[in-house]
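Reviewing the structure listed below.
Any read-out appearing in this document is the output of simple, stated calculations on the displayed coordinates, not a laboratory observation. The structure presented is a predicted model; accordingly, all values stated were derived computationally and were not measured. Cβ coordinates were reconstructed from backbone atoms using ideal geometry, including for glycine residues, and neighbour counts include every protein chain displayed.
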Amino acid sequence: MNDVLKVATLGGDGTGPEVVGEAVKVLKEVAKLENIKLELTDFDICGERYLKNGGIIITDDEVEQLRQFSSILLGAVGHVDVKPGILEKGLLLRLRFEFDQYINLRPVKLLPGVATPLRNKGPEDLDFVVVRENTEDMYAGIGGFLKKGTPDEVATQTAIYTRKGCERCVRWAFEYARRRNNPKGKKVTLVAKTNVLTFGHDLWMRTFEEVGAEYPDVQKEYHHVDACCIYMVDCPENYDVIVTTNMFGDIITDLAGILQGGLGVAAGANLCPDAGGTSMFEPIGGTAPKFTGLNQINPIASISSAAMLLEHEGYQTAADRIMKSVQLVTGTKMKSQAAGQMGYSTTEIGDLVCENL
Ligand code: IPM
Ligand code: MN
């Protein structure tokens with residue numbers, strides 16, 4: 001915990017700036033109530049600027065400026081007029097890699113009043129977290145083309161896994177299970193595909209077993225990723241902490257996201273847990289171009305990401321205050337979590353969360 005909490009904000013594109021606006025509103029209010037000295041610096045880095053500036057996504061200087069912050073609050077990245085992959089790789093993935101944010105933490109919690117597509121499941125059944133490795137796997141960008149554009153074309157996209165990368169992620173998951181201290185029992189489930197990926201996921205399995213042996217108080221379990229998709233729908237109450245690879249983590253957290261009520265509520269954090277690291281907090285949902293500028297998008301995920309930021313920075317009471325207020329607002333005020341159907345506007349939801357802090 002520092003004297004002054006310095007946060008960089010990066011709204012990005014589409015509805016990103018709108019949801020970050022509400023998260024900032026709530027951060028300011030809770031900072032007042034908890035006597036936290038909060039300093040915000042906004043960065044105008046987005047697809048819109050990329051299109052105007054002739055292809056500059058983010059400058060090296062901006063990366064260095066951002067590195068001075070321990071926390072970044074991010075909205076959403078992506079623009080309808082920019083080819084898929086450019087902004088994702090050039091901004092989001094670049095920041096994750098530059099700052100070595102090796103943990104992607106995605107809580108899966110059904111908040112009160114939020115509808116889940118799962119029949120007969122309630123908030124007590126859906127409460128786990130996914131710890132997704134965030135710097136390796138097929139995301140490392142290793143690969144290439146041979147004879148591109150010809151009938152003999154070959155494309156490779158290599159998944160890389162390092163012992164160091166697996167170990168720091170698996171260890172963090174076990175430590176997190178201890179911190180979560182689930183009253184139903186602490187458990188870490190490794191989700192991978194050891195029956196097919198017999199090299200890379202063998203490394204994951206061996207690392208999991210070796211590191212897991214240091215945590216006798218935490219139950220260990222292994223699920224293949226395809227089976228995990230069944231269990232997550234059929235018996236989500238089975239899970240406490242899931243640890244998984246980057247690509248599988250990407251996919252299963254979208255499934256988990258809809259189970260917890262959709263992208264309007266799903267929050268996430270890209271963490272560099274090392275001393276002096278820069279972490280980044282973002283709602284899982286995208287830019288929602290259809291809703292841009294309409295004051296109709298759901299800011300709950302972004303506000304919850306701000307709570308994750310506070311928790312990461314050591315302001316647990318402030319984080320709890322936000323999440324309690326969020327639960328009150330979803331549980332007793334909002335009609336739906338879908339954009340345009342909440343019964344309130346984006347800014348009204350932000351106000352409601354502030355009023356109930
Ligand atoms: C996510 C997103 C990103 C990912 C994309 C936008 C690169 O889907 O954060 O889950 O694949 O990690
Ligand atoms: Mn994703």
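Shown here are the Rg and Dmax of the Cα trace of the chain, at 20.1, 65 Å. Relative intensity of the range 51-203 on a log10 scale, I(q)/I(0) at q = 0.08, 0.16, 0.19 Å⁻¹, equals -0.36, -1.20, -1.31, per a Debye sum over C-alpha point scatterers of equal strength in the absence of solvent. Remark on the range 275-339: Rg and Dmax equal 13.7, 42 Å (Cα only).
For the pairs LYS6/LYS324; LYS121/LYS290; LYS6/LYS333; LYS109/LYS187; LYS89/LYS147; LYS37/LYS184, note any where the Cα-Cα span goes beyond 28 Å. In this structure, LYS121/LYS290; LYS6/LYS333; LYS37/LYS184 exceed 28 Å between Cα atoms. Shown here is the pair-distance distribution of the range 1-105: with all Cα-Cα distances grouped in 10 Å bins from zero up to the longest one, the shares run 14, 44, 32, 9, 1 percent.
Taking label positions 7 Å along the Cα-Cβ direction at both LYS324 and PHE145, the computed distance is 5.7 nm, reported to one decimal.
What number results when the radius of gyration of the range 240-289, computed over Cα atoms, is divided by 2.2 N^0.38 Å? All intermediate terms of the calculation are to be shown ahead of the outcome.
Working: Rg = 12.5 Å, N = 50, 2.2 N^0.38 = 9.7 Å.
Computed over Cα atoms of the range 240-289, the ratio equals 1.28.
Within the range 115-155, the percentage of alpha carbon pairs spaced more than 12 angstrom apart rounds to 75%. Loop-resident GluC sites (Glu not before Pro) (DSSP state other than H, G, I, E or B) in the range 70-125 with no more than 12 further Cβ atoms inside 10 Å of their Cβ: GLU124.
Please report, to one decimal in angstroms, the Kirkwood hydrodynamic radius of the range 116-260 built from all distinct Cα-Cα pairs.
Kirkwood radius, the range 116-260: 16.3 Å.
With an a/c value of 1.5 or above and a/b larger than b/c for the gyration tensor axes a ≥ b ≥ c computed over the alpha-carbon atoms, the range 309-357 is described as prolate. Take the alpha carbon gyration tensor of the range 224-357, find the square roots of its eigenvalues, order them as a ≥ b ≥ c, and report rounded if a/c is under 1.5; if not, report prolate when a/b exceeds b/c, else oblate. It is oblate, given that a/c is not under 1.5 and a/b is not larger than b/c. Across the alpha-carbon atoms of the range 192-263, the computed radius of gyration and Dmax are 13.0, 36 angstrom. Packing around the peptides 330-337, 150-157, 59-66, taken as the average count of other Cβ atoms within 10 Å per residue, puts them in this order, highest first: 330-337, 59-66, 150-157.
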